[in-house]
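The structure under discussion appears below in the form of structure tokens.
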Amino acid sequence: MESTANNRVIHVRELVKKFGDFVANDHLNFDVYAGEIFGFLGANGAGKTTAMKILCGLQRPSSGTIEVAGFDVYKQSDQIKKNIGYMSQRFSLYEDLTVKENFQFYGGIYGLSATEIKDRTRQMLESLQMTTSADMILRDIPLGWKQKLAFSVAMVHRPKIVFLDEPTGGVDPITRRQFWEMIYEAASKGVTVFVTTHYMDEAEYCNRISIMVDGRIEALDSPAALKAKYNAATMDEVFIRLARAGVRSMNG
Amino acid sequence: MKGFIIKEFMHIFRDRRTMLILFGMPIIQILLFGYAITNEINNAQIAILDHSNDQSTREITQKILSSGYFALNTKLNSAEEIEKVFREGKIKEAIVFESDFDKKLRNAPPASLQLITDASDPNTANLLSNYTQAIALDYQKQLTAAMPAPARLNIQSTMQYNPELKGVFMFVPGTITILLMLISAMMTSISIAREKETGTMEVLLVSPLKPFHIIVGKVIPYILLSFINALIILVLAATVFGMPFQGSLLLLLLESILFIVMALSMGILISTVSNSQQTAMLLSMFALMLPTILLSGFIFPIENMPFPLQIFSHIMPSKWFIIIIKNIMLKGLGIAYVWKETLILVAMTFFFIGLSVKKFNIRLG
Amino acid sequence: MKPAEVKIQNIEKSYEGVKALYNISLDIQPGELFGFIGPDGAGKTTLFRIMASLLLPDAGKITVSGLDVVANYKELRHILGYMPGRFSLYPDLSVEENLRFFAGVHGTTIKQNYDLIKDIYQQIEPFKNRPAGKLSGGMKQKLALSCALIHKPALLLLDEPTTGVDAVSRQEFWNMLKHLKKEGITIVVSTPYMDEASLCDKVALMQKGQIMDIEKPAVIVEKFGYQLLSIKSNRMFALLHDLQQFEHSLSAYRFGDSIHYIPESPIKDFNILSYKLAERGHSEIVIKETQAVVEDCFILLMQQSEKAHGINS
């Protein structure tokens, strides 16, 4: 993985987002590169969700230069949406549809042809070893498997970047690790993974991590470098030391 | 329980949407009706059958047509034609001057003026007839001022197609019924379902509060608000629309409270079977609102319904309430004439309260 | 009030034919801080609801200080504080109004039991006029806890209070629980975060409606029974696969910045292992023996039960 302007897929300069007097994102600067697993951490209320919405083209920034997959978030949010995948713990799949129907639906949204959808579905279910479950109603599938399916569905249109918002919340420790193997595999194929989590051990699995405090990025580096810099044994320590300094999460 | 009621009021007053539905809707509904009707009166098509064609009839005709409310569609030559033009739907009103109108008016009063109105749209018919009469009487006044002996008009107003004027002012009792039903039942069911959605119901159930407390705490604010609403509607109906008010106001208000309590208990019943605000809303719409509008006699006369639906309409509480209000407001009747309907409502109220307290689950699921 | 004692005997529960709880039995001592540790779908919420008298069990019996949760639910509800997993405050009411309301529901006032919640409530008191819906996750949690405590319960049930909450707020929350314990309240808490197990006096590890183990956290870790190696190299992703492929590998999985590797039998000489890895192209190899934590035990127990029952049991 190289960090050059050529394979830069997210480019953020001086991103500011205000809601009235409240500064949700305070001059954010960062780049994310192709095939990178980028951990986006921060306390509740630090401004992660807002920044993520802006990157996905769901919300307009107040100011700043932001490019995602080479497109400008102000003018080309439609192209951005075609090139990204999104999955969160809350919003994922339709519980009353079958596995196959969920793939068909999302594939259809992204304009995939019927044969393409069929191929992709078969391919992805094979790699999940779930081919026999294709006609199961999603409701009847255990949570861990659902999360893995949701990730596959978010990848159905081969996006350049996939945004994962707390994808492993409440998932058992084994499935959580299997989920991360899927993330690694996607990244090894050049997909950029932008992920938030509250599990600090998962922060260690990222190539680089940013930690947001009170709307600002307080730290951005590889887990090893951050631990060295803050003289900490674990990412948990790094996070708690930085986030404690923030006032916003403590004050609501 | 006091705390519960206070809290419920806070929810209501802090939610702009709830407030809008609570107080905006009745005002808008009543004004819409009033406005729709005044609008209707512009250039109403009329026919005139003038048996005298003299100075007075020409002057009255002129006065009517220049009022802006009426437009002359046809001049008729014989009484047989009246039926025909009505049937063709060309006109809303026909005016008939008797022969020797002017002579009778000046020398041998009264002179006869006949108004025939299409009462299939009773509200409009009533207004048209009222306007025409007002114009003719105004002419009579002018004439009297210029004459030694008073001129007198004898105006006969006939309603074609709907002689008893069923449905005139019907909309006020109907609107009161619908609004009370909507606000009482829908709002309580939604507010209970909301507590289930946010998880606060779990905490309430686990607390020592009894189901009865929760229900009463939910219901009291809405009784009060619905009652205020009923008052607003009545005041608006009387001032904006000139709704006649014959009977006892006290009796009417007591009956309204009875109906509100009944609707609230239906709302609680709905909430016991719905776990989300959406379900509660849909259930209220389909189980309460639509039958109230369609089967209570508000829009479609019950006599014209197919027999099975007529039977079904008997179990609509709103049907009985509409009868009660009509009898009190329009006919000025007392409790002696509505006790049967009242008793039916009382019975229904007890039935629904009992059922909802029983169904209200002390546990989840 | 005396802290409550909870006795759970042979509890079973199914929803529409799907078994949520299999024959759960355990005792919780008065004044204990007891944790149910397990992922979503383990049956934690169902068990909490039965304890809180919100659900009826299909079979079995739970008593809280001698009160049966089914027959004596009215008395039970007086001594119970319950915080459900979902956000369970009125978002349109202010902090103070919420607290006052829940005090009123239990027939008490804020003043009467202020001492108990003082430490927690003081942190949010500066914002007492703010609507609860506009608080941050950590503050909501503090308010919800204050509301659950306002009537000085003998048993406090907290269903996943830290789920979705950031690491700092989670740490604070556990500190608050430690303080509360001293007030003589039995606290039962559930969580999907394995690292929180060590903060409890005693834990039950749950998975798929069953309890895999009930012990003090230190005992659970002691019982691990295998050698656990923490291994790093320059190629972590490949390292995981290589270790999993090893002939005598019982288990290998990512754990923070290293791989946890459990060999079938203890390895004395790490040089052999190191050599084998170098053979597969690894460098910067670090091998250390490490102490298992609850998450390691949980993974091991899950793998054992999957082996015993087949993958889809």
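Every number here is computed from the coordinates shown, using simple stated rules; none is lab data. Treat the numbers as computed from the prediction; the structure is a model and nothing was measured. Cβ: placed from backbone, ideal geometry, glycine included. Neighbour counts: every protein chain shown.
Key figures
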item: Nearby aspartates and glutamates by direct alpha-carbon distance to C:LYS223 (threshold 20 angstrom, same-chain neighbours under 8 apart not counted); result: C:ASP195, C:GLU196, C:ASP201, C:ASP213, C:GLU215, C:GLU264, C:GLU289, C:GLU295, C:ASP296, C:GLU306
item: Shielding by other protein chains, C:160-168, mean Cβ within 10 Å; result: 6
item: Whole-number percent relative contact order across chain C, with pairs defined as alpha carbons under 8 Å at least 6 apart; result: 20 percent
item: Chain B - convex hull of alpha carbons, volume per residue in Å³; result: 167 Å³
item: Estimated inter-spin distance, C:GLU12 and A:THR234, nm [label 7 Å along Cα→Cβ]; result: 4.0 nm
item: Ellipsoid equivalent to segment B:41-160 - semi-axes via the Cα gyration tensor, in Å; result: 24, 15, 12
item: Charge dipole (debye, nearest 20) of chain B; +1 at Cβ of Lys and Arg, -1 at Cβ of Asp and Glu; result: 1320 debye
item: Residues of type lysines that C:LYS182 reaches as a straight line, Cα spacing below 24 Å, ignoring anything fewer than 8 places off in the same chain; result: C:LYS2, C:LYS7, C:LYS111, C:LYS118, C:LYS140, C:LYS142, C:LYS152, C:LYS202, C:LYS216
item: Diffusion coefficient, µm² s⁻¹, Stokes-Einstein with Kirkwood Rh over alpha-carbon pairs of segment B:253-309 at 20 °C and 1.002 mPa s; result: 166 µm²/s
item: Computed over chain A: relative contact order in percent, which uses C-alpha pairs under 8 Å that are six or more apart; result: 26 percent
item: Rg/Rh (Cα only; Kirkwood hydrodynamic radius) as it applies to segment B:181-301; result: 1.05
item: Likely footprinting exposure, C:TYR253, A:TYR110, fewest C-beta neighbours within 10 Å first; result: A:TYR110, C:TYR253
item: Förster radius 35 Å - calculated FRET efficiency between B:ALA287 and A:ARG139, Cβ distance, rounded to 0.05; result: 0.85
item: At most 15 other Cβ within 10 Å, DSSP loop - chymotrypsin sites (Phe, Trp or Tyr not before Pro), segment B:281-322; result: none
item: Cα principal axis extents for segment C:96-192, largest first, Å; result: 34, 31, 19
item: Debye intensity ratio in log₁₀ form over the Cα atoms of segment C:6-222, taken at each q of 0.12, 0.16, 0.17, 0.19 Å⁻¹; result: -0.62, -1.10, -1.23, -1.47
item: Computed [θ] at 222 nm, helices only, for chain A once each DSSP H run of length n ≥ 4 contributes -39500 (n - 2.57); result: -10500 deg cm²/dmol
item: Ascending count of other beta-carbon atoms within 10 Å, so fewest first, for A:VAL73, C:VAL18; result: C:VAL18, A:VAL73
item: 10 Å Cβ shell holding at most 15 others, DSSP loop, GluC sites (Glu not before Pro): longest site-free stretch of chain A; result: A:96-252
item: Equivalent ellipsoid dimensions for chain A as semi-axes, Å, which come from the Cα gyration tensor, largest first; result: 31, 21, 17
item: Normalised contact order of segment A:104-252, rounded percent, pairs of Cα under 8 Å and 6 or more residues apart; result: 15 percent
item: GluC sites (Glu not before Pro) within segment B:55-88: DSSP coil, no more than 12 neighbouring Cβ in 10 Å; result: B:GLU88
item: Rounded to the nearest 20 debye, dipole of segment C:6-222 from Cβ charges on Lys, Arg, Asp, Glu; result: 500 debye
item: 16 Å tail of the calculated P(r), segment C:1-85, as % of Cα pairs; result: 52 percent
item: Reciprocal mean inverse distance between Cα atoms of segment C:229-291 - Kirkwood radius, Å; result: 11.4 Å
item: Segment C:85-155: trypsin sites (Lys or Arg not before Pro) in DSSP coil with no more than 11 other Cβ atoms inside 10 Å; result: C:LYS111
item: Length added when fully stretched, B:THR144-B:LYS63, from 0.36 nm per residue minus Cα-Cα; result: 27.5 nm
item: Farthest positive-ward along the protein assembly as shown dipole, Cα basis, beta-carbon charges - from C:VAL286, A:VAL99, B:MET181; result: B:MET181
item: Computed [θ] at 222 nm, helices only, for chain C once each DSSP H run of length n ≥ 4 contributes -39500 (n - 2.57); result: -10500 deg cm²/dmol
item: Cα gyration tensor, the protein assembly as shown - rounded (a/c under 1.5), prolate or oblate; result: prolate
item: Neighbour-count order for B:MET348, B:MET266, fewest beta carbons within 10 angstrom listed first; result: B:MET348, B:MET266
item: Given chain C, longest segment not containing exposed loop GluC sites (Glu not before Pro) (DSSP; at most 16 other Cβ within 10 Å); result: C:17-182
item: Antiparallel bridge percentage (DSSP; both residues within the protein assembly as shown; nearest 5); result: 50 percent
item: Anchor C:LYS13: lysines whose Cα lies under 21 Å away (excluding residues fewer than 8 positions away in-chain); result: C:LYS44, C:LYS61, C:LYS208
